[in-house]
Amino acid sequence: MNDRTALVTGANKGIGKEIARQLVAEGLTVHVGSRDAERGRRAVQEIGGGARLLVLDVTDADSVATAAAQVERLDVLVNNAGIMVDGRTAPEADLDGFRRTYETNLFGVLAVTNAFLPALRRSAAPRIVNVSSGTGSLTWSADPGHQFAVSAGAGAAYRSSKTALNALTLFYAQTLAPEGFKVNALAPGLRSTDLNARAAASDGDPAEGAAGAVRLALLPDTGPTGGFFSWDGTPAAW
């Protein structure tokens, strides 16, 4: 695997940095996608080995195009960058919060994936992993006994963006399957990150969630595509 390359968006901190670290440990050269160049440089220094800085703002078309022009071939794309800016229910939320959330969590994935498709098509075994969330599961949210239903629709912008991301994952998988792509979504579980106050207070290990993404990033040719999986590899409910 020493000649394999990967890109992880939002990789200067949290789960993204752990995904990059683990992929480097597997022998890949990893482009550490970071909107902020200085934070990205620090992350690359911490990871070491095959980590390489790639300045990339997934919400900026020029930034995406510039980054894509720097990568000739790509074997793995992990769309990890994500935000939660509004934890309110849909009746309480405003349109700006929804737009900002979707710009990163959904439209950013679309922009980055399409921009890097030429590089991925130069790989013998291209893999795309979209970091989603269990809170985006409509099945779980509709189950009265599940914690996501008990929350009564809180975090509507974030959760619906991840539901849409799951759909986009399936559509990419179906379209790209004839070319040998494996495209899957991951629910990494609640981890100690700065996504929101609940995550910040969590004792969940980001490295554990990252391992699920790495597993999907390194799938063999017999592996699944168009799936939604929990961090431990079990299928998640759509």
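What is the spin-label model distance, in nm, from T139 to A207 if the labels are put 7 Å beyond Cα along the C-beta direction?
Each label point lies 7 Å from its Cα, and together they span 3.1 nm.
Just from its helices, what would the mean residue ellipticity at 222 nm be for the chain, if runs of 4 or more DSSP H residues each count -39500 (n - 2.57) and the sum is divided by every residue, rounded to the nearest 500 deg cm²/dmol?
Working: 10 runs with 98 residues, N = 238.
Value at 222 nm, helices only: -12000 deg cm²/dmol.
What is the spin-label model distance, in nm, from W238 to E26 if the labels are put 7 Å beyond Cα along the C-beta direction?
That separation, rounded to one decimal, is 2.6 nm.
Which length gain, in nm to one decimal place, applies between A152 and R73 when the Cα-Cα distance is subtracted from 0.36 nm times their residue separation?
Working: separation 79, 0.36 × 79 = 28.44 nm, distance 4.43 nm.
That pair, A152 and R73, stretches by 24.0 nm at full extension.
Please go through the range 26-130 and write out the GluC sites (Glu not before Pro) that DSSP classes as loop and that have at most 11 other C-beta atoms within 10 Å. Intermediate results must be reported in sequence, preceding the final value.
Values: sites: E26, E38, E46, E72, E92, E103; in loops: E26, E72, E92.
Within the range 26-130, the qualifying GluC sites (Glu not before Pro) (loop, at most 11 other Cβ atoms within 10 Å) are E72.
If you take the beta carbon distance between R42 and D3 as r and set R0 to 22 Å, what does 1/(1 + (r/R0)^6) give as a FRET efficiency, to the nearest 0.05? Numbers along the way, then the final one.
Details: r = 27 Å, r/R0 = 1.21.
E(calc), rounded to 0.05, equals 0.25.
Bins of 10 Å, beginning at zero and ending with the bin holding the largest distance: percent of Cα pairs per bin for the range 116-177, please.
Reading the bins upward from 0: 20, 39, 23, 13, 4.
Return the long-range amide H neighbours of L53 (sequence gap of 5 or more, or a different chain), with a cut-off of under 5 Å between placed amide H atoms.
Under 5 Å from the amide H of L53 lie the amide H atoms of V32, each far enough along the sequence or on another chain.
Along the principal axes of its C-alpha atoms, what lengths does the chain span, in descending order and rounded to whole Å?
48, 39, 33
Let's test the formula: R0 of 22 Å, r as the Cβ-Cβ distance of R122 and D60. What FRET efficiency results, to the nearest 0.05?
Details: r = 24 Å, r/R0 = 1.11.
That pair, R122 with D60, gives E of 0.35.
Would you mind calculating the relative contact order of the chain from Cα pairs under 8 angstrom and at least 6 residues apart, reporting the percent as a whole number? Don't skip to the end; give the middle numbers.
Details: 518 pairs, mean separation 46.2, N = 238.
With pairs under 8 Å counted, the relative contact order is 19 percent.
Just so you know, all these numbers are worked out from the coordinates, no wet-lab data involved. Given the structure is predicted, the values throughout are model-derived calculations rather than measurements. Neighbour counts run over all protein chains shown; Cβ positions are idealised from the backbone, glycine included.
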